[in-house]
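In what follows, a structure is listed as structure tokens, so that the remarks can point back to it.
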Amino acid sequence: MELINTVLAVLVKFIEHIITVMGPFGISLLMAIESCNIPLPSEAILPFAGYIVSKGEMNFHVAAWAGAFGCVLGSIPSYYLGYFGGRKFIEKYGKYFLISHKDLDDADKWVEKYGDWAFFICRMLPVIRTFISLPAGILRARKRIFFTQPAFNNTSHNAITVLVFPEPVAITNNAFLLFFSSKLLQTALIAAS
């Protein structure tokens, strides 16, 4: 457990340094990294952005939009990696990752049935949101809609997370409860609109 706490502490210090030095560009860079299949959680990035906003050092809207821009930017290489080479790779080597041809067929049917909404919902789920661009490319999600979705979805996610964390928080169960409460609020707002 001590090792995990040490790694998280270093990660948080790195995030704080990047945002302090680069401002909104740092938020965009870090959120792009998260969307490129590299698990750098927005749950560690956006609370610090919220703290910067609460101190008056950054505009709330700039912080939220910088995060959304980074998410869109980071999704592009991941999507195209899946689009141009992912399916062939999975068909050939999927058995080593416990993915069969039947799994691919089932995923194709799932996309046919639920389509764009499925990817939209996946973008709201922690961990899955980091990796969804690769399967979206493999499954040939419609590009225009897939790249437009994060602009709305991530802006609302970022705005709510920045608002929920106006103070620096330790990585604790209470912080994650607050975060998941914000996700429920985001889902309710989307459903109501």
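Summary table below
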{"read-out": "Residue in region 145-155 that is touching a Pro at 6+ places or on another chain (Cβ under 8 Å), surrounded by fewer than 16 Cβ atoms within 10 Å (Cβ to Cβ) and at pLDDT 70 or above present", "value": "no"}
{"read-out": "Filter result for Leu30 (modelled with pLDDT of 90 or more, part of a helix (DSSP H, G or I) and crowded, with 21+ Cβ neighbours inside 10 Å)", "value": "yes"}
{"read-out": "Contacts under 8 angstrom Cβ, first residue in region 101-129 being over 20 Å from Glu34 (Cα atoms), partner open to solvent by less than 40 Å² (accessible area, probe 1.4 Å) and aromatic (Phe, Trp, Tyr), 6 or more apart", "value": "Asp116/Phe146"}
{"read-out": "In region 119-146, the residues that are more than 13 Å from the chain's Cα centre (by Cα) and more than 17 Å from Gly86 (Cβ to Cβ)", "value": "Arg144, Ile145"}
{"read-out": "From Glu16, Glu57, Glu2, Glu91, residue being buried (at least 16 other Cβ atoms within 10 Å of the Cβ) and among the charged types (D, E, K, R)", "value": "Glu16"}
{"read-out": "Filtered residue count, region 94-131, keeping only those that are among the β-branched types (Val, Ile, Thr), open to solvent by 50 Å² or more (accessible area, probe 1.4 Å) and assigned to a helix (DSSP H, G or I)", "value": "2"}
{"read-out": "Of the criteria (1) open to solvent by 50 Å² or more (accessible area, probe 1.4 Å); (2) in a helix (DSSP H, G or I); (3) of a type outside the set (A, V, I, L, M); (4) more than 13 Å from Gly70 (Cα to Cα), which one Phe25 fails", "value": "(4)"}
{"read-out": "Filtered residue count, region 33-42, keeping only those that are part of a helix (DSSP H, G or I) and crowded, with 19+ Cβ neighbours inside 10 Å", "value": "3"}
{"read-out": "Subset of region 27-56 [without any contact (Cβ under 8 Å) to a residue 40 or more places away in the chain and farther than 23 Å from Tyr79 by Cβ]", "value": "Ile52, Lys55, Gly56"}
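Quick grid of which residues meet (1) at pLDDT below 85; (2) in contact with a Lys or Arg (Cβ under 9 Å, 6 or more places away or on another chain); (3) acidic (Asp, Glu):
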position: Ala49; (1), (2), (3): yes, no, no
position: Ser54; (1), (2), (3): yes, no, no
position: Tyr79; (1), (2), (3): no, yes, no
position: Ile132; (1), (2), (3): yes, yes, no
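The values are calculated or read from the model by the stated rules, or taken from the named source; none is laboratory data. In this text the structure is predicted, and so the values were computed from the model without any measurement. Cβ atoms come from the backbone with ideal geometry, glycine included; neighbour counts cover every protein chain shown. When the accessible area is computed, the model is the full protein with side chains, heavy atoms only, and any ligands, DNA or RNA have been set aside. Shrake-Rupley method; radii C 1.70, N 1.55, O 1.52, S 1.80 Å.
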